[in-house]
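The values are calculated or read from the model by the stated rules, or taken from the named source; none is laboratory data. Worth saying up front: this structure is predicted, and the values here are computed from it rather than measured. Cβ: placed from backbone, ideal geometry, glycine included. Neighbour counts: every protein chain shown. Protein only, heavy atoms only, side chains kept; ligands, DNA and RNA dropped before computing areas. Shrake-Rupley method; radii C 1.70, N 1.55, O 1.52, S 1.80 Å.
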Amino acid sequence: ERIKKLAISKETFFKASENLIATSQVKMILNEQGVEATYHTIKHYFPNQTPDIICIAPIRNVFDGGENGSENDNNAMLFFLQNRVEKLRSMLNHDMGIILCHHTKKIKKKDVEDDPFQAFSGAGSLRSFYSSGLILHRPSEYEPKIHLHFELRNGSAIQRKIIEKVDDKWTELNPFSER
């Protein structure tokens, strides 16, 4: 639905369709059977190669933390990441990038500004798993500006960015000036 709303040129659309597969809402849990089904689906669409990146969005919709595991439980989240996500990666391509999309919990907007990555919903083991993280949030529901915060395990820090849709295109704003 969101992709359909984007103003994508026909040329870009056709180029992307050569190697981009997007699924609609999947009614599946990423348990043992879900890992197998996902593997076979990916191999079906990429029979002679493996994708460089897969995206799981959002985690909550496919989460399986084992017996009675909740996404708020560190052990259950670690189980999911190691035995589901990493297993799928190892079946396909050890060098594959994985994008995990996750929701934030309801906290005060000031707390998000002070320490944005504490806003992750669920267990803290997710935060120790990734090599880079990105939090998007809107500081005011009355303004269209969106703040992007980055967290990297390696490399130099990336400063917060502010973006806004201008003329139907996402535009980076100067964070040090007001329009």
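In nm, to one decimal, how far is the residue 24 label point from the residue 150 one, both placed 7 Å along Cα→Cβ?
Label at residue 24, label at residue 150, 3.6 nm between them.
Points 7 angstrom from Cα along the Cβ direction at residue 109 and residue 16: gap in nanometres?
Going from the residue 109 label point to the residue 16 one covers 3.0 nm.
Quantify, in whole percent, the carbon and sulfur part of the accessible surface of the stretch 1-125 (1.4 Å probe; protein heavy atoms only).
Here carbon and sulfur together make up 50 percent of the probe-accessible area.
Using a 1.4 Å probe, how large is the accessible area of residue 39, given in Å² and rounded to the nearest 10?
Accessible area, nearest 10 Å²: 50 Å².
Ignoring ligands and nucleic acids, what accessible area does residue 160 show with a 1.4 Å probe (Å², nearest 10)?
Surface open to solvent at residue 160 totals about 80 Å².
How much length is gained on full extension from residue 161 to residue 32, taking 0.36 nm per residue of separation minus their Cα-Cα distance?
Stretched out fully, the residue 161 to residue 32 stretch lengthens by 42.6 nm.
Quick one: if the Förster radius is 35 Å, what FRET efficiency do residue 94 and residue 142 give, using the C-beta to C-beta distance and rounding to 0.05?
0.15
Residues with amide H under 5 Å of residue 73's amide H, sequence separation 5 or more or different chain, H placed in the peptide plane at 1.01 Å from N; which?
So residue 73 has HN proximity to 123.
Give the residue list of GluC sites (Glu not before Pro) in the stretch 73-179 that are DSSP loop and have at most 16 other beta-carbon atoms within 10 angstrom.
Here the GluC sites (Glu not before Pro) that fit, given the DSSP loop and packing criteria, are 141, 178.
Report the paramagnetic label zone for residue 120: residues of the stretch 67-100 whose backbone N is under 14 Å from a point 7 Å from Cα along the Cα-to-Cβ axis.
From the stretch 67-100, the list is 71-82, 99-100.
Taking Cα extents along the principal axes in Å as the quantity of interest, determine which of [x] 51, 44, 32; [y] 44, 40, 28; [z] 48, 36, 32 was computed from the displayed structure.
Only one option fits the structure, namely [x].
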